[in-house]
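The values are calculated or read from the model by the stated rules, or taken from the named source; none is laboratory data. The structure presented is a predicted model; accordingly, all values stated were derived computationally and were not measured. Positions of Cβ are backbone-derived with ideal geometry, glycine not excepted, and every protein chain shown enters the neighbour counts.
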Amino acid sequence: MILDIFHYIEKFMRYLEIEKNYSLHTCLNYRIDLQEFAHFIKDIPLNNIDHLILRKYLAQLKQRNLSARSINRKLSCLRSFFKFLYREGYISFNPCSLVSGPKQQKLLPQCLTQEEMAKLIDSVVLKNERGLRDKAILETFYSSGMRISELVNLDITDVDFISGIVKVKGKGKKERLLPIGEKALEAIRGYLEKRNKDTDAVFLNKFGKRISSRAVRNIVSKYVHLAALKRGVSPHTIRHSFATHLLERGADLRSVQELLGHANISTTQIYTHLTTERLKQIYNQAHPRA
């Protein structure tokens, strides 16, 4: 029996949407990657695809000067796809089991110092509703370490001002509770009192609608410029700073993993490298024999 790849891509997409509960954004990226692979193999039936064809595909991606990170992301998509086909009995062998991706350089995430973070937040001028909103956004990011998608989807009912807890919906639509500091709660409260809009969303744009991720990135960039900080600082940099500052002040790795919503602790371990680099820097500055 010849298996048509496009038919099984649709089966796989339904599996991701219904059973795995993946976000629309993730499903769209999977679909794009799989359709790209389908056009590469052309008329080759799914049950004729082996590890050699997959290696040719990876070689073609490398010829297009894609980064190791991008190639590994596409390979991860193919692994999930062929694993699904094998588990469901559509193919008798998983060709991805004999394929490994290119090694990628482990880059340490960019991070602001505690002083730089304070300077960023203090650069907001609280003269109007927009200033109050921007201050609340920066305080919320730094106080909770939430992702940008979690921040823009935050509803007023998700914020417990009495207990100092916010409920966020993370990757895979998994909900988790995060502690949030008094400074952030005070900033959110001040903004909500000033804006006087009857809507569920916490953070709004100038039209009174829920703010977008792009708008939040622009807000962060604006205050990075005003505070004269280094380029390339994004909302994710604030998340990195949140995690790093917790570890620097004695928080354990498992707790930071829970706060960040990482499924695997190996993802969180990158921050231990940051704190080690910081310790080495302090050692080199302070020790007479360094």
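Being among the hydrophobic types (A, V, I, L, M, F, W, C), in contact (Cβ under 8 Å) with a residue 40 or more places away in the chain, within 21 Å of Met146 (Cα to Cα) and touching a strand residue (DSSP E or B) at 6+ places or on another chain (Cβ under 7 Å), is that true of even one residue in the range 259-271? Yes, there is a match, as at least one residue in the range 259-271 is among the hydrophobic types (A, V, I, L, M, F, W, C), in contact (Cβ under 8 Å) with a residue 40 or more places away in the chain, within 21 Å of Met146 (Cα to Cα) and touching a strand residue (DSSP E or B) at 6+ places or on another chain (Cβ under 7 Å).
For the range 203-212, the criterion of being surrounded by 15 or more Cβ atoms within 10 Å (Cβ to Cβ), in the same structural domain as Leu138 (by TED's automatic domain parsing), of a type in the set (Ser, Thr, Tyr) and in contact with a helix residue (DSSP H, G or I) (Cβ under 8 Å, 6 or more places away or on another chain) is met by no residue. The number of residues in the range 133-149 being in contact (Cβ under 8 Å) with a residue 60 or more places away in the chain, surrounded by 21 or more Cβ atoms within 10 Å (Cβ to Cβ), not in a loop (DSSP other than H, G, I, E, B) and not polar (S, T, N, Q) comes to 7.
Of the listed requirements (1) surrounded by fewer than 13 Cβ atoms within 10 Å (Cβ to Cβ); (2) over 20 Å from Arg31 (Cβ atoms); (3) out of contact with any helix residue (DSSP H, G or I) (no Cβ under 6 Å at 6 or more places or on another chain), Gln60 misses just one: (2).
Considering Leu229, Leu247, the condition of being farther than 20 Å from Gly170 by Cα, without any contact (Cβ under 8 Å) to a residue 40 or more places away in the chain and surrounded by 15 or more Cβ atoms within 10 Å (Cβ to Cβ) is satisfied by Leu247 alone.
Of Ile282, Ile219, all but one fail to be at pLDDT below 90, assigned by TED's automatic domain parsing to the domain that holds Asp122 and of a type in the set (Val, Ile, Thr); the exception is Ile282.
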